[in-house]
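FYI, it's all coordinate maths here, none of it is from the lab. The model shown is predicted, which means the values in this text are computed figures rather than measured ones. Neighbour counts are summed over all protein chains in view; Cβ atoms, including those assigned to glycine, are modelled from backbone coordinates with ideal geometry.
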Amino acid sequence: MIQLALASLRSRRTTAILTIAVIAISVALLLAVERVRDQVQSHFANTVSGTDLIVGARTGDVQLLMASVFHIGAMTNNMSWKSYQDLSQRREVKWSIPVSLGDSVGGMPVVATTQAFFQHFHYGEHQSLNLRQGQVFTHVTGAVLGSNAAAKLDKKLGDALIVAHGSGGISFTEHGDHPFTVAGILAPTGTPVDEAIYIPLRGLEQIHGAHHEAEAEHQQHQDKLLSAFSGPPTESISAAFIGLKVKPLALRLQREINTQRGEPLTALLPGLTLQQLWKTLRLFEQALTIVSFMVVLTGLLGMLTSLLASLRERRREMAILRALGAGPGTVFGLLLAEAFLLTLVGTAAGVALIYLLQLSLNGVIQHYFGVILSIHWPSNAEWWRIAIVVVAGFVLSLLPAWRAYRQSLADGLTVKL
Amino acid sequence: MNASRSIALSDVKFAWPQQPLTLDIPEWHVDRGARILLRGASGSGKSTLLSLLSGVQTPQQGSVVVEGQNLTQLSSHQRDIVRANHMGYIFQQFNLLPYLTAFDNVVLIARFSKARRQQLQGKAHAQAQQLLSRLGLTAAQQQSPAGNLSVGQQQRVAVARALLGNPPLIIADEPTSALDTQRRDAFLDVLLEMASEHNTTVLFVSHDPSLATHFDQHVELAQINQVATTEELAK
């Protein structure tokens, strides 16, 4: 029966191939949405790891997280260096990283920080940052580039960087007289770190605060070793990443910081806030899933249409089979087998297509979106989606099969064409 | 039931849903090995009679016995099996699945009939080739898609399929209507010649009385069907 269905399909191969193509594309889309969602979610959860608290001036949790981790949006207020120091010297605190945001190079965000960043910042599953080339900045004008930032700005070790104020691609205030030099380039992480440019806090302070100082004195400062300085590197920072000695204390410390007198600050637990943020994105994600299921439905309805349309011209075929002793049940089965074959081949082709697309486009996707879509065996969720498509295809194919069954019962062996 | 009869109808009445009686046949039989031309004008109930004989339809009343099987007492599935096992059926035209080769069209019958497979004892392919060759199809034609053959060639392939596994009864539904006189006679000759080799009953249905010379018996449907008789009497 399968052989017969195959031969019959082959005789209508243009329609069959088109039907398979439509199903394949819709299945690929369905899987792509699931795959992107899955990857973005894990990408999202992997952006920061090991950090117990993020602290900044009083603002919303999501805004603080977006600015400090994703470099999206800006912090309207800063927290004073003194507050930061008080915080970092608390007994519970194991390490802390101050960051100052708001500048950019060619649209890529600049993060001013200290060497502590490269030592303590972790992402993914407790992975630390690695340098692909060069070293961590040691001079005031040193800069370390994220892997994508280096690629997009086309900078190599030793190249000069002009930092512009503001985060847009075009800025009217360039700190042109204070170029930074690329000291190191980080290995890719698949997180927003890849997009950023890291400079020392003192370097940022210098380009912002240089106007107070005499030009001569400033010139001397330029290439100084960071270790040559003492005293606070800056007056205020945007946010601080904090690691604790005892992790469970994070919640208590958060409450303490959020309610303390003195400078109003916000502390957030990164894992929790990331989850909240992801929940707000869920609606969008669900809409995407619904749309892609609609596309699959359209593909299957296309198959239904072409099968139903073919029934009229195939009445003679059915009559011949009936004359040979095929029962109406065989005719039913034949149509079912045909539709099922189309669905199966279409679905398989869709799965193949998604892998093909990933293999050929992963580089491009990573370059433009900074997301690495890992190539893996279909996940459970994906198997479910595949199963839903196959079952839906099967259910829909009952209709043409039923029509053919009724038709062959009515026609018998005498078809008047 | 008589063992020497290929077809026996008694007291058969049939009407299509919501329509007047089409067939009313008190008694009619065809002897085994007979070659019969059943003639009837179009609309006289020929197709309906063939539906009953092939077991696609059952009469509201009476019995239809084909090759010793009372079709009216069988389920539709059992009737399908009787058809596959005991009948070779040849259509007016479009007998073949155009997407299979001529050869595959012939051996297709063996797929649906266990009895014919047993009869062939695994020699289906050999017999199919032999039949097709005797019917004048070259090896290349046998392997070319049926849709590429001429109408005459297609009808000969249909004969080969009907004969494969030597079923006791062949029903032909106006198979020559698409052929010209010369090819029609050639077709009839080869069909009847091959049928006689295995004493196969041939029921040939046509509206064309000029074919009568080829057959042992010539039956007018109007003679056996009382519905038609009353109509014709009314004329």
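Could I have the simple spin-label model distance between B:S133 and A:A287, label points 7 Å from Cα toward Cβ, reported in nm to one decimal?
Taking the two extended label points, one gets 7.3 nm.
How far is it, in nm, from the label point at A:R261 to the one at A:A387 when both lie 7 Å from their Cα along the line to the Cβ?
My value for the distance between the label points is 6.1 nm.
Using the C-alpha gyration tensor of segment A:53-268, what are the square roots of 5 times its eigenvalues, in whole angstrom, with the largest one first?
After scaling each eigenvalue by five and taking roots: 27, 20, 17 Å.
Under 25 Å Cα-Cα from A:K279, which lysines qualify once same-chain neighbours fewer than 8 residues away are excluded?
Within reach: A:K247.
Report the Cα centroid-to-centroid distance between segment A:293-366 and segment B:140-199 in angstrom, as an integer.
Rounded to whole Å, the Cα centres lie 35 Å apart.
Please determine, in degrees from 0 to 90 and to the nearest 10, the orientation of helix B:124-134 with respect to the longest principal axis defined by the Cα atoms of chain B, where the helix direction is its Cα long axis.
Between the helix axis and the principal axis of chain B, the angle is about 90 degrees.
For chain A, with a Gaussian network of springs between Cα atoms less than 10 Å apart, report the residue from A:A112, A:A337, A:A239 with the top mean-square fluctuation.
Sorting by GNM fluctuation, first place goes to A:A337.
By how many degrees, between 0 and 90 and to the nearest 10, does the Cα long axis of helix B:181-197 differ from the longest principal axis of chain B?
90
List the residues whose amide H sits under 5 Å from the amide H of A:Q127, counting only those 5 or more places along or on another chain, with H placed 1.01 Å from N in the peptide plane.
none
Roughly what would the spin-label model give for A:E125 and B:W16, points 7 Å off Cα along C-beta, in nm?
With each label point 7 Å from Cα toward Cβ, the separation is 7.2 nm.
Quick query: amide H of B:I170 versus all other amide H atoms, modeled in the peptide plane; which residues come in under 5 Å with a sequence gap of 5 or more or a different chain?
B:G88, B:T201, B:V202, B:L203
Please identify the DSSP H helices in chain A that span no less than 20 Å along the helix axis (Cα) and have a mean Kyte-Doolittle hydropathy of 0.0 or more.
Details: long enough: A:13-45 (47 Å, 1.01); A:270-313 (64 Å, 0.90); A:328-369 (57 Å, 1.40); A:380-411 (46 Å, 0.61).
Helices meeting the span and hydropathy rule in chain A are A:13-45, A:270-313, A:328-369, A:380-411.
Specify, per residue and in Å³, the volume enclosed by the convex hull of the alpha carbon atoms belonging to chain B. All intermediate terms of the calculation are to be shown ahead of the outcome.
Values: hull volume 29.8 nm³, N = 235.
Cα-based convex hull of chain B, divided per residue, equals 127 Å³.
What shape does segment A:227-353 take by its C-alpha gyration tensor, where a ≥ b ≥ c are the square roots of the eigenvalues and a/c under 1.5 counts as rounded, a/b above b/c as prolate, and the rest as oblate? Write down the numbers at each step before the final one.
Working: a/c = 5.02, a/b = 4.51, b/c = 1.11.
Taking the square roots of the gyration eigenvalues as a ≥ b ≥ c, segment A:227-353 is prolate.
In peptide A:301-307, what is the residue-averaged number of other protein chain Cβ atoms found within 10 Å of each Cβ?
That average works out to 0.
Per DSSP helix of 4 or more residues, -39500 (n - 2.57); summed, then divided by the residues of the protein assembly as shown. What does that give at 222 nm, rounded to the nearest 500? Provide the component values of the computation, followed by the final result.
Values: 23 runs with 322 residues, N = 652.
For the protein assembly as shown, the value works out to -16000 deg cm²/dmol.
Under 25 Å Cα-Cα from B:K46, which lysines qualify once same-chain neighbours fewer than 8 residues away are excluded?
Qualifying lysines at Cα under 25 Å: A:K416, B:K13, B:K235.
Going by a ≥ b ≥ c, the root eigenvalues of the Cα gyration tensor, does the protein assembly as shown fall in the rounded group (a/c under 1.5), the prolate group (a/b larger than b/c) or the oblate group?
Details: a/c = 5.00, a/b = 3.75, b/c = 1.33.
It comes out prolate by the Cα gyration axes.
Once you've got the GNM for chain B with C-alpha springs shorter than 10 Å, pick whichever of B:K13, B:K46, B:K123 has the biggest mean-square fluctuation.
The residue that fluctuates most here is B:K123.
In whole Hz, with x marking every Gly and Pro, tabulate ³J(HN,Hα) for segment B:54-67 from phi via Karplus 6.51 cos²θ - 1.76 cosθ + 1.60, θ = phi - 60°.
Coupling constants for segment B:54-67: 8, x, 6, 10, 10, x, 5, 8, x, 10, 10, 10, 10, 6 Hz.
Can you give the extra length, in nm with one decimal, that the chain gains between A:A228 and A:A151 once fully stretched, where that is 0.36 nm per residue apart less the Cα-Cα distance?
Working: separation 77, 0.36 × 77 = 27.72 nm, distance 3.18 nm.
This chain segment gains 24.5 nm when fully extended.
List, in order, the whole-Hz ³J(HN,Hα) value for each residue of segment A:134-139 obtained from phi through the Karplus relation with A = 6.51, B = -1.76, C = 1.60 and θ = phi - 60°; use x for Gly and Pro.
x, 8, 5, 4, 10, 9
Relative to the longest principal Cα axis of chain B, at what angle does helix B:151-163 sit, 0 to 90 degrees, rounded to 10?
Between the helix axis and the principal axis of chain B, the angle is about 80 degrees.
Using Cα-Cα distances under 8 Å and only pairs 6 or more residues apart, what relative contact order does segment A:238-369 have, in percent? Mind dumping the intermediate values first?
On the way: 21 pairs, mean separation 15.9, N = 132.
Computed value for segment A:238-369: 12 percent relative contact order.
With springs connecting C-alpha atoms under 10 Å apart, model chain A as a Gaussian network and identify which of A:L101, A:L373, A:L341 has the largest mean-square fluctuation.
A:L341
How much of the DSSP bridge set in the protein assembly as shown is antiparallel, in percent, rounded to the nearest 5? Display every interim value, and only then the final one.
On the way: 51 of 77 bridges.
Antiparallel bridges make up about 65 percent of those DSSP assigns within the protein assembly as shown.
What FRET efficiency, computed as 1/(1 + (r/R0)^6) with R0 = 45 Å and r the Cβ-Cβ distance, is obtained for A:I375 and B:N70, rounded to the nearest 0.05? Each step should come with its number before you reach the end.
Working: r = 65 Å, r/R0 = 1.45.
E(calc), rounded to 0.05, equals 0.10.
What is the gain in length, in nm to one decimal, between A:L359 and A:L344 on full extension, counting 0.36 nm per residue of separation less the C-alpha to C-alpha distance? Please report the intermediate quantities before stating the final value.
On the way: separation 15, 0.36 × 15 = 5.40 nm, distance 2.26 nm.
Contour length minus the Cα-Cα distance gives 3.1 nm.
For chain B, what relative contact order do you get, as a whole percent, if you take Cα pairs closer than 8 Å and at least 6 residues apart? Before the final figure, lay out the partial values.
On the way: 431 pairs, mean separation 67.0, N = 235.
Relative contact order, chain B: 29 percent.
Go through segment B:106-123 residue by residue and turn each phi into a ³J(HN,Hα) via Karplus (6.51, -1.76, 1.60, θ = phi - 60°); whole Hz please, and just put x for glycine and proline.
With the stated coefficients, segment B:106-123 comes to 5, 6, 4, 4, 5, 5, 9, 10, 5, 4, 6, 4, 5, 4, 7, 6, x, 9 Hz.
Rounded to the nearest Å, what's the spacing between the alpha carbon centres of segment B:66-134 and segment A:29-65? Just the number, please.
68
Can you list the residues, at least 5 places off or on another chain, whose amide H is less than 5 Å from the amide H of B:D31, using H built in the peptide plane?
Those lying under 5 Å, H to H, from B:D31 are B:S6.
Given chain B, what percent of its DSSP beta bridges are antiparallel, to the nearest 5? Mind showing how you got there, number by number?
Working: 17 of 35 bridges.
Among the beta bridges of chain B, antiparallel pairing accounts for roughly 50 percent.
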